[in-house]
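The values are calculated or read from the model by the stated rules, or taken from the named source; none is laboratory data. Computed from a prediction, not measured in an experiment: that's the story for all the values here. Methodologically, a virtual Cβ is constructed for each residue, glycine included, from the backbone with ideal geometry; neighbour enumeration extends over all protein chains shown. Areas reflect the complete protein model, heavy atoms only, side chains present, ligands, DNA and RNA absent. Shrake-Rupley method; radii C 1.70, N 1.55, O 1.52, S 1.80 Å.
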Amino acid sequence: MNREDGSQIKFLYFMERSFCIYGAGIVAAGIYTAVKTLYRKTPLFFLVSDAAEGGKDENPAEIDGIPVKRLSQWRRELQDIQKDTDKSRLAVCPEYYFVTAPETHHPAIVESLHSIRVDDEHICLLTGEQENELLEAYYGGLGNCVTVRRLLAQEKRAESFECPSPVSVRVFQAKCHVDRPLRSLINPPSYVCPIQVGAELTDQKICALCDNTGNNISTRNRNYCELTATYHAWKNSREDYKGLCHYRRIFDIDDGQMRKLLERNDDWDVILPYPSVHYPDISVQHIRYVCDADWNAMLRALEETAPDYYEAYLRLIESGEQYFFNYNMLIARAEVFDDYCNFLFSVLEKTEMLTTPRGWERADRFAGYMGENLTTLYFLKNRDKWKMVYAGKRWLI
(Lines give C-alpha, C1' and ligand atoms only; values in the text may rest on other atoms or scores of the structure.)
Protein backbone atom coordinates (compact mmCIF):
# COMPACT_ATOMS: atom_id res chain seq x y z
CA MET A 1 0.00 0.00 0.00
CA ASN A 2 1.56 3.24 -1.07
CA ARG A 3 -0.96 6.07 -0.79
CA GLU A 4 0.00 8.68 1.79
CA ASP A 5 -3.33 10.40 2.40
CA GLY A 6 -4.82 10.76 5.86
CA SER A 7 -6.67 7.48 5.70
CA GLN A 8 -3.54 5.64 4.63
CA ILE A 9 -1.49 7.16 7.44
CA LYS A 10 -4.15 6.10 9.92
CA PHE A 11 -4.10 2.59 8.46
CA LEU A 12 -0.33 2.23 8.90
CA TYR A 13 -0.57 3.74 12.37
CA PHE A 14 -3.21 1.39 13.65
CA MET A 15 -1.31 -1.63 12.33
CA GLU A 16 1.01 -1.07 15.29
CA ARG A 17 -1.87 -1.22 17.78
CA SER A 18 -4.64 -3.53 18.86
CA PHE A 19 -7.70 -3.61 16.64
CA CYS A 20 -10.83 -5.46 15.74
CA ILE A 21 -12.27 -5.95 12.26
CA TYR A 22 -15.82 -4.75 11.68
CA GLY A 23 -17.26 -7.31 9.29
CA ALA A 24 -17.26 -11.08 8.99
CA GLY A 25 -18.10 -11.69 5.35
CA ILE A 26 -15.96 -12.36 2.32
CA VAL A 27 -14.31 -8.94 2.33
CA ALA A 28 -13.42 -9.14 6.03
CA ALA A 29 -11.97 -12.65 5.72
CA GLY A 30 -9.85 -11.64 2.74
CA ILE A 31 -8.55 -8.49 4.42
CA TYR A 32 -7.83 -10.46 7.59
CA THR A 33 -5.77 -12.95 5.61
CA ALA A 34 -3.82 -10.18 3.86
CA VAL A 35 -3.13 -8.27 7.09
CA LYS A 36 -2.11 -11.43 8.93
CA THR A 37 0.31 -12.36 6.13
CA LEU A 38 1.72 -8.91 5.32
CA TYR A 39 1.85 -7.34 8.79
CA ARG A 40 1.86 -10.37 11.08
CA LYS A 41 -1.07 -8.83 12.94
CA THR A 42 -4.41 -10.36 13.91
CA PRO A 43 -7.53 -8.70 15.32
CA LEU A 44 -8.77 -9.21 18.86
CA PHE A 45 -12.11 -10.20 17.36
CA PHE A 46 -14.48 -9.58 14.45
CA LEU A 47 -17.45 -7.30 15.10
CA VAL A 48 -20.75 -7.43 13.21
CA SER A 49 -24.06 -5.64 13.33
CA ASP A 50 -26.99 -7.32 15.03
CA ALA A 51 -29.32 -9.30 12.82
CA ALA A 52 -32.57 -7.58 11.89
CA GLU A 53 -35.44 -8.41 14.21
CA GLY A 54 -36.85 -11.76 13.18
CA GLY A 55 -34.12 -12.16 10.54
CA LYS A 56 -31.56 -14.89 10.15
CA ASP A 57 -28.10 -14.29 11.60
CA GLU A 58 -25.84 -15.44 8.78
CA ASN A 59 -22.51 -14.53 10.37
CA PRO A 60 -20.15 -17.29 11.52
CA ALA A 61 -19.32 -17.79 15.19
CA GLU A 62 -15.60 -17.48 14.44
CA ILE A 63 -13.13 -16.96 11.62
CA ASP A 64 -9.87 -18.89 11.75
CA GLY A 65 -10.38 -19.43 15.48
CA ILE A 66 -11.00 -15.71 16.19
CA PRO A 67 -14.43 -14.97 17.71
CA VAL A 68 -17.11 -13.01 15.89
CA LYS A 69 -19.03 -10.73 18.26
CA ARG A 70 -22.38 -9.08 17.67
CA LEU A 71 -22.60 -5.37 18.43
CA SER A 72 -25.11 -5.88 21.26
CA GLN A 73 -22.85 -8.52 22.80
CA TRP A 74 -19.82 -6.23 22.64
CA ARG A 75 -21.84 -3.34 24.11
CA ARG A 76 -22.70 -5.48 27.14
CA GLU A 77 -19.07 -6.58 27.51
CA LEU A 78 -17.91 -2.97 27.38
CA GLN A 79 -20.37 -2.01 30.09
CA ASP A 80 -19.08 -4.82 32.32
CA ILE A 81 -15.46 -3.81 31.68
CA GLN A 82 -16.17 -0.20 32.58
CA LYS A 83 -17.74 -1.30 35.89
CA ASP A 84 -14.88 -3.64 36.72
CA THR A 85 -12.18 -2.32 39.06
CA ASP A 86 -9.62 -4.64 37.47
CA LYS A 87 -8.23 -2.31 34.78
CA SER A 88 -6.25 -5.15 33.21
CA ARG A 89 -9.46 -6.12 31.45
CA LEU A 90 -9.07 -3.04 29.29
CA ALA A 91 -6.52 -5.05 27.32
CA VAL A 92 -9.38 -6.82 25.57
CA CYS A 93 -10.57 -3.49 24.14
CA PRO A 94 -9.32 -2.64 20.66
CA GLU A 95 -7.65 0.72 20.12
CA TYR A 96 -8.93 0.79 16.55
CA TYR A 97 -12.01 -0.46 14.74
CA PHE A 98 -11.07 -1.48 11.19
CA VAL A 99 -14.22 -1.31 9.03
CA THR A 100 -13.93 -3.66 6.05
CA ALA A 101 -17.54 -3.60 4.88
CA PRO A 102 -18.32 -2.08 1.45
CA GLU A 103 -18.31 1.71 1.44
CA THR A 104 -22.09 1.88 0.99
CA HIS A 105 -22.41 0.59 4.58
CA HIS A 106 -19.83 2.94 6.14
CA PRO A 107 -22.25 5.66 7.37
CA ALA A 108 -24.48 3.15 9.19
CA ILE A 109 -21.48 1.36 10.71
CA VAL A 110 -19.90 4.60 11.92
CA GLU A 111 -23.21 5.52 13.56
CA SER A 112 -23.35 2.14 15.31
CA LEU A 113 -19.78 2.60 16.59
CA HIS A 114 -20.65 6.04 17.86
CA SER A 115 -23.44 4.36 19.83
CA ILE A 116 -20.82 2.46 21.86
CA ARG A 117 -18.78 5.64 22.30
CA VAL A 118 -16.07 4.99 19.71
CA ASP A 119 -14.93 8.31 18.29
CA ASP A 120 -13.86 8.93 14.69
CA GLU A 121 -10.15 8.98 15.57
CA HIS A 122 -10.36 5.30 16.44
CA ILE A 123 -12.29 4.24 13.34
CA CYS A 124 -10.39 3.24 10.20
CA LEU A 125 -12.63 2.94 7.13
CA LEU A 126 -11.26 0.69 4.40
CA THR A 127 -11.86 2.21 0.97
CA GLY A 128 -12.22 0.16 -2.19
CA GLU A 129 -8.86 1.47 -3.36
CA GLN A 130 -7.16 0.37 -0.14
CA GLU A 131 -8.82 -3.03 -0.40
CA ASN A 132 -7.32 -3.46 -3.86
CA GLU A 133 -3.91 -2.31 -2.62
CA LEU A 134 -3.95 -4.81 0.23
CA LEU A 135 -5.09 -7.71 -1.93
CA GLU A 136 -2.58 -6.78 -4.63
CA ALA A 137 0.21 -6.85 -2.05
CA TYR A 138 -1.01 -10.20 -0.73
CA TYR A 139 -1.71 -12.04 -3.99
CA GLY A 140 1.17 -10.33 -5.78
CA GLY A 141 3.48 -11.75 -3.13
CA LEU A 142 2.37 -15.33 -3.68
CA GLY A 143 4.66 -17.19 -5.99
CA ASN A 144 1.85 -19.01 -7.81
CA CYS A 145 -0.32 -15.94 -8.50
CA VAL A 146 -0.07 -13.42 -11.34
CA THR A 147 -1.90 -10.12 -11.02
CA VAL A 148 -2.67 -7.62 -13.78
CA ARG A 149 -0.30 -5.12 -12.19
CA ARG A 150 2.55 -7.62 -11.98
CA LEU A 151 1.96 -8.75 -15.55
CA LEU A 152 2.02 -5.21 -16.92
CA ALA A 153 5.15 -4.41 -14.91
CA GLN A 154 7.08 -7.27 -16.50
CA GLU A 155 9.22 -6.63 -19.55
CA LYS A 156 7.86 -8.02 -22.78
CA ARG A 157 9.57 -11.01 -24.30
CA ALA A 158 11.54 -10.25 -27.45
CA GLU A 159 9.01 -11.95 -29.71
CA SER A 160 6.27 -9.77 -28.21
CA PHE A 161 7.64 -6.62 -29.83
CA GLU A 162 6.10 -7.54 -33.18
CA CYS A 163 2.89 -5.64 -33.78
CA PRO A 164 0.02 -8.01 -32.91
CA SER A 165 -3.13 -8.34 -34.95
CA PRO A 166 -6.03 -6.21 -33.68
CA VAL A 167 -7.80 -7.90 -30.79
CA SER A 168 -11.34 -7.01 -29.72
CA VAL A 169 -12.77 -7.09 -26.20
CA ARG A 170 -16.18 -6.41 -24.74
CA VAL A 171 -17.10 -6.76 -21.09
CA PHE A 172 -20.85 -6.70 -20.51
CA GLN A 173 -22.02 -4.69 -17.52
CA ALA A 174 -25.25 -6.21 -16.23
CA LYS A 175 -27.87 -3.60 -15.32
CA CYS A 176 -31.48 -4.09 -14.28
CA HIS A 177 -34.45 -1.73 -14.05
CA VAL A 178 -34.75 -2.51 -10.32
CA ASP A 179 -31.14 -1.61 -9.45
CA ARG A 180 -30.66 0.87 -6.64
CA PRO A 181 -29.59 4.31 -7.85
CA LEU A 182 -25.85 5.01 -7.57
CA ARG A 183 -24.60 8.08 -5.75
CA SER A 184 -21.32 8.13 -7.67
CA LEU A 185 -21.61 8.68 -11.40
CA ILE A 186 -18.53 7.73 -13.40
CA ASN A 187 -17.91 6.86 -17.00
CA PRO A 188 -16.84 3.21 -17.23
CA PRO A 189 -13.94 2.26 -19.52
CA SER A 190 -14.80 2.11 -23.22
CA TYR A 191 -14.43 -1.69 -23.33
CA VAL A 192 -17.40 -1.99 -20.91
CA CYS A 193 -20.78 -2.37 -22.62
CA PRO A 194 -23.94 -1.94 -20.48
CA ILE A 195 -26.61 -4.57 -21.07
CA GLN A 196 -30.08 -4.62 -19.55
CA VAL A 197 -30.82 -7.97 -17.91
CA GLY A 198 -34.33 -9.27 -17.44
CA ALA A 199 -35.43 -6.99 -20.28
CA GLU A 200 -38.15 -9.42 -21.32
CA LEU A 201 -39.78 -9.06 -17.91
CA THR A 202 -40.41 -5.29 -18.04
CA ASP A 203 -41.53 -2.52 -20.38
CA GLN A 204 -38.80 -0.22 -19.05
CA LYS A 205 -35.71 0.18 -21.21
CA ILE A 206 -32.54 1.40 -19.52
CA CYS A 207 -29.81 0.26 -21.95
CA ALA A 208 -29.34 0.30 -25.70
CA LEU A 209 -28.42 -3.41 -25.57
CA CYS A 210 -30.86 -5.81 -23.92
CA ASP A 211 -30.53 -9.46 -22.98
CA ASN A 212 -33.79 -10.40 -24.76
CA THR A 213 -32.23 -10.08 -28.22
CA GLY A 214 -30.72 -12.91 -30.22
CA ASN A 215 -30.33 -16.28 -28.52
CA ASN A 216 -31.23 -15.52 -24.90
CA ILE A 217 -32.66 -16.62 -21.55
CA SER A 218 -33.93 -13.18 -20.50
CA THR A 219 -37.18 -14.57 -19.05
CA ARG A 220 -35.16 -16.56 -16.49
CA ASN A 221 -33.41 -13.51 -15.07
CA ARG A 222 -35.10 -13.74 -11.66
CA ASN A 223 -33.27 -17.02 -11.16
CA TYR A 224 -30.10 -16.38 -13.15
CA CYS A 225 -29.53 -12.69 -12.26
CA GLU A 226 -26.46 -11.33 -14.11
CA LEU A 227 -25.90 -14.73 -15.75
CA THR A 228 -28.52 -13.91 -18.38
CA ALA A 229 -25.95 -11.35 -19.61
CA THR A 230 -23.26 -14.04 -19.54
CA TYR A 231 -25.51 -16.29 -21.61
CA HIS A 232 -26.17 -13.47 -24.08
CA ALA A 233 -22.43 -12.86 -24.46
CA TRP A 234 -21.82 -16.57 -24.97
CA LYS A 235 -24.41 -16.97 -27.70
CA ASN A 236 -24.24 -13.60 -29.47
CA SER A 237 -20.88 -11.90 -28.95
CA ARG A 238 -18.08 -12.48 -31.47
CA GLU A 239 -15.31 -10.53 -29.74
CA ASP A 240 -11.90 -12.12 -29.20
CA TYR A 241 -12.27 -11.49 -25.46
CA LYS A 242 -15.51 -11.13 -23.57
CA GLY A 243 -16.60 -10.92 -19.98
CA LEU A 244 -19.02 -9.78 -17.33
CA CYS A 245 -19.17 -7.15 -14.61
CA HIS A 246 -22.00 -5.49 -12.64
CA TYR A 247 -23.79 -2.18 -12.48
CA ARG A 248 -21.92 -1.41 -9.24
CA ARG A 249 -18.84 -3.62 -9.58
CA ILE A 250 -16.39 -3.24 -12.43
CA PHE A 251 -12.80 -4.35 -12.87
CA ASP A 252 -10.14 -1.90 -11.72
CA ILE A 253 -8.62 -1.86 -15.22
CA ASP A 254 -8.66 1.34 -17.24
CA ASP A 255 -8.58 1.64 -21.03
CA GLY A 256 -4.81 2.14 -21.15
CA GLN A 257 -4.17 -0.99 -19.10
CA MET A 258 -6.60 -2.96 -21.23
CA ARG A 259 -4.78 -1.91 -24.42
CA LYS A 260 -1.51 -3.13 -22.92
CA LEU A 261 -3.13 -6.39 -21.85
CA LEU A 262 -4.42 -7.00 -25.36
CA GLU A 263 -0.97 -6.25 -26.79
CA ARG A 264 0.44 -9.08 -24.73
CA ASN A 265 -2.54 -11.39 -24.94
CA ASP A 266 -0.28 -14.42 -25.25
CA ASP A 267 0.45 -13.99 -21.53
CA TRP A 268 -3.09 -14.52 -20.24
CA ASP A 269 -6.33 -16.35 -20.96
CA VAL A 270 -8.63 -15.03 -18.24
CA ILE A 271 -8.81 -12.20 -15.72
CA LEU A 272 -10.65 -12.91 -12.50
CA PRO A 273 -11.29 -10.77 -9.39
CA TYR A 274 -8.92 -11.34 -6.50
CA PRO A 275 -10.35 -14.48 -4.88
CA SER A 276 -12.07 -14.28 -1.52
CA VAL A 277 -10.82 -16.45 1.34
CA HIS A 278 -13.07 -18.78 3.30
CA TYR A 279 -12.54 -20.48 6.64
CA PRO A 280 -12.31 -23.38 7.05
CA ASP A 281 -12.82 -23.94 3.29
CA ILE A 282 -15.05 -23.03 0.36
CA SER A 283 -17.74 -25.55 1.34
CA VAL A 284 -19.22 -22.88 3.65
CA GLN A 285 -19.90 -20.42 0.79
CA HIS A 286 -23.22 -21.84 -0.37
CA ILE A 287 -24.73 -22.06 3.11
CA ARG A 288 -25.69 -18.37 3.26
CA TYR A 289 -27.53 -18.33 -0.06
CA VAL A 290 -28.54 -21.83 -1.16
CA CYS A 291 -30.70 -24.29 0.76
CA ASP A 292 -29.50 -27.86 1.26
CA ALA A 293 -32.09 -29.33 -1.13
CA ASP A 294 -30.99 -27.04 -3.98
CA TRP A 295 -27.33 -27.64 -3.22
CA ASN A 296 -27.78 -31.40 -3.31
CA ALA A 297 -29.66 -31.06 -6.61
CA MET A 298 -26.72 -29.08 -8.01
CA LEU A 299 -24.22 -31.72 -6.87
CA ARG A 300 -26.34 -34.44 -8.48
CA ALA A 301 -26.55 -32.40 -11.69
CA LEU A 302 -22.79 -31.90 -11.59
CA GLU A 303 -22.18 -35.62 -11.13
CA GLU A 304 -24.49 -36.49 -14.05
CA THR A 305 -23.46 -33.79 -16.55
CA ALA A 306 -19.78 -33.23 -15.69
CA PRO A 307 -18.47 -36.11 -13.54
CA ASP A 308 -14.86 -34.96 -13.84
CA TYR A 309 -15.85 -31.63 -12.29
CA TYR A 310 -17.80 -33.41 -9.58
CA GLU A 311 -14.70 -35.42 -8.68
CA ALA A 312 -12.64 -32.22 -8.78
CA TYR A 313 -15.04 -30.58 -6.34
CA LEU A 314 -14.69 -33.46 -3.89
CA ARG A 315 -10.89 -33.21 -4.14
CA LEU A 316 -10.98 -29.45 -3.53
CA ILE A 317 -13.07 -29.88 -0.38
CA GLU A 318 -10.89 -32.73 0.83
CA SER A 319 -7.78 -30.59 0.35
CA GLY A 320 -9.30 -27.66 2.25
CA GLU A 321 -9.41 -25.23 -0.68
CA GLN A 322 -10.05 -21.69 0.61
CA TYR A 323 -10.02 -19.50 -2.51
CA PHE A 324 -13.35 -18.59 -4.09
CA PHE A 325 -14.26 -16.40 -7.10
CA ASN A 326 -17.28 -14.25 -6.29
CA TYR A 327 -19.67 -12.17 -8.38
CA ASN A 328 -19.53 -14.27 -11.61
CA MET A 329 -17.10 -11.65 -12.94
CA LEU A 330 -14.43 -12.45 -15.55
CA ILE A 331 -12.75 -11.33 -18.75
CA ALA A 332 -11.68 -14.28 -20.89
CA ARG A 333 -10.43 -15.32 -24.28
CA ALA A 334 -13.46 -16.37 -26.34
CA GLU A 335 -12.36 -20.01 -26.35
CA VAL A 336 -12.16 -20.02 -22.55
CA PHE A 337 -15.36 -18.02 -22.09
CA ASP A 338 -17.36 -20.33 -24.33
CA ASP A 339 -16.00 -23.49 -22.71
CA TYR A 340 -16.79 -22.08 -19.27
CA CYS A 341 -20.33 -21.19 -20.34
CA ASN A 342 -20.94 -24.59 -21.87
CA PHE A 343 -20.06 -26.16 -18.52
CA LEU A 344 -21.88 -23.58 -16.40
CA PHE A 345 -25.23 -23.54 -18.19
CA SER A 346 -25.41 -27.28 -18.77
CA VAL A 347 -25.08 -27.87 -15.03
CA LEU A 348 -27.54 -25.10 -14.13
CA GLU A 349 -30.11 -26.34 -16.64
CA LYS A 350 -29.90 -29.85 -15.21
CA THR A 351 -30.13 -28.43 -11.68
CA GLU A 352 -33.35 -26.62 -12.58
CA MET A 353 -34.86 -29.94 -13.60
CA LEU A 354 -33.86 -31.61 -10.33
CA THR A 355 -35.01 -28.92 -7.87
CA THR A 356 -38.39 -28.94 -6.15
CA PRO A 357 -40.20 -26.89 -7.28
CA ARG A 358 -38.56 -26.86 -10.68
CA GLY A 359 -36.24 -23.93 -11.28
CA TRP A 360 -38.43 -22.28 -13.91
CA GLU A 361 -41.33 -22.22 -11.44
CA ARG A 362 -39.38 -20.02 -9.02
CA ALA A 363 -37.88 -16.53 -8.78
CA ASP A 364 -35.33 -16.70 -5.96
CA ARG A 365 -31.93 -16.09 -7.62
CA PHE A 366 -30.71 -19.58 -6.74
CA ALA A 367 -29.04 -20.13 -10.13
CA GLY A 368 -27.07 -16.90 -9.82
CA TYR A 369 -25.72 -17.92 -6.41
CA MET A 370 -24.90 -21.43 -7.63
CA GLY A 371 -23.16 -19.85 -10.61
CA GLU A 372 -20.52 -18.39 -8.29
CA ASN A 373 -19.76 -21.87 -6.96
CA LEU A 374 -19.59 -23.34 -10.46
CA THR A 375 -17.44 -20.44 -11.69
CA THR A 376 -15.03 -21.13 -8.85
CA LEU A 377 -15.01 -24.84 -9.57
CA TYR A 378 -14.38 -24.33 -13.29
CA PHE A 379 -11.37 -22.09 -12.83
CA LEU A 380 -9.87 -23.97 -9.89
CA LYS A 381 -10.06 -27.21 -11.85
CA ASN A 382 -8.50 -25.56 -14.92
CA ARG A 383 -5.88 -23.39 -13.20
CA ASP A 384 -3.08 -25.42 -14.79
CA LYS A 385 -4.77 -25.30 -18.21
CA TRP A 386 -5.55 -21.60 -18.54
CA LYS A 387 -3.25 -18.65 -17.83
CA MET A 388 -5.07 -16.79 -15.08
CA VAL A 389 -4.39 -13.30 -13.76
CA TYR A 390 -6.16 -11.44 -10.99
CA ALA A 391 -7.36 -7.86 -10.70
CA GLY A 392 -9.12 -5.64 -8.21
CA LYS A 393 -12.62 -4.31 -8.65
CA ARG A 394 -14.13 -0.86 -8.29
CA TRP A 395 -17.23 -0.53 -6.13
CA LEU A 396 -19.61 2.08 -7.48
CA ILE A 397 -21.69 3.59 -4.68
Let me see the P(r) profile for segment 164-255: every Cα-Cα distance counted, bins of 5 Å, each bin given as a percent of all pairs. 3, 15, 25, 25, 17, 10, 4, 1, 0
Helix 227-236 sits at what angle to the longest principal axis of the chain, using alpha carbons and giving 0 to 90 degrees rounded to 10? 30 degrees
Whole-percent carbon and sulfur contribution to the accessible surface of segment 277-355 (1.4 Å, no ligands, DNA or RNA) stands at 49 percent
Return one number: the angle in degrees, 0 to 90 and rounded to the nearest 10, between the long axis of the Cα atoms of helix 366-381 and the longest principal axis of the Cα atoms of the chain. 80 degrees
Counting helices only, and only those DSSP H runs with n ≥ 4, report the 222 nm mean residue ellipticity of the chain as the sum of -39,500 (n - 2.57) divided by its residues, in deg cm²/dmol to the nearest 500. -11500 deg cm²/dmol
Considering only DSSP beta bridges whose two residues both sit in the chain, what percent are antiparallel, to the nearest 5? 30 percent
Going through the cross-link list K235/K393; K350/K385; K36/K156, which pairs have a Cα-Cα distance over 31 Å in this structure? K36/K156
Under the √(5λ) rule applied to the eigenvalues of the Cα gyration tensor, what semi-axes describe the equivalent ellipsoid of segment 253-301? Give them in Å, descending. 36, 14, 10
Work from the charge dipole of the chain (Cβ charges, +1 for Lys and Arg, -1 for Asp and Glu, about the Cα centre) and give the residue of C145, A101, A28 farthest towards its positive end. A101
What is the list of residues in segment 91-106 whose amide nitrogen lies under 19 Å from a point 7 angstrom out from the Cα of R183, following Cα to Cβ? 99-106
Given a 1.4 angstrom probe, what's the average accessible area per residue across the chain, in square angstrom? 48 Å²
Let me understand segment 212-325 better: what is its radius of gyration from the alpha carbons, and its Dmax, in angstrom? 17.2, 46
Restricting to Cα pairs under 8 Å and 6 or more apart, the percent relative contact order of the chain works out to 18 percent
Obtain the radius of gyration and the Kirkwood radius of the chain from its C-alpha atoms and give Rg over Rh. 0.98
For the chain, build the charge dipole from Cβ charges (+1 Lys, Arg; -1 Asp, Glu) around the Cα centre, then report which of I66, C193, A334 sits farthest towards its positive end. C193
Give me the lysines in straight-line cross-link reach of K41: C-alpha distance below 18 Å, same-chain residues under 8 apart excluded. K10
Measuring from its Cα centre, segment 308-397 shows a charge dipole (+1 at each Lys and Arg Cβ, -1 at each Asp and Glu Cβ) which, in debye to the nearest 20, is 360 debye
Net dipole in debye of the chain [+1 Lys, Arg Cβ; -1 Asp, Glu Cβ; about Cα centre; nearest 20]: 360 debye
Show me the ranking of peptides 377-385, 337-345, 357-365 by mean Cβ neighbours inside 10 Å, starting with the highest. 337-345, 377-385, 357-365
For segment 165-194 versus segment 237-286, the gap between their alpha-carbon centres in whole angstrom: 14 Å
Determine the dipole magnitude for segment 238-397: charges of +1 sit on the beta-carbon of Lys and Arg, -1 on that of Asp and Glu, nothing else is charged, the reference point is the Cα centre, and the result goes in debye to the nearest 20. 500 debye
How big is D, in µm² s⁻¹, for segment 113-203 by Stokes-Einstein at 10 °C and 1.306 mPa s if Rh is the Kirkwood radius over C-alpha pairs? 85 µm²/s
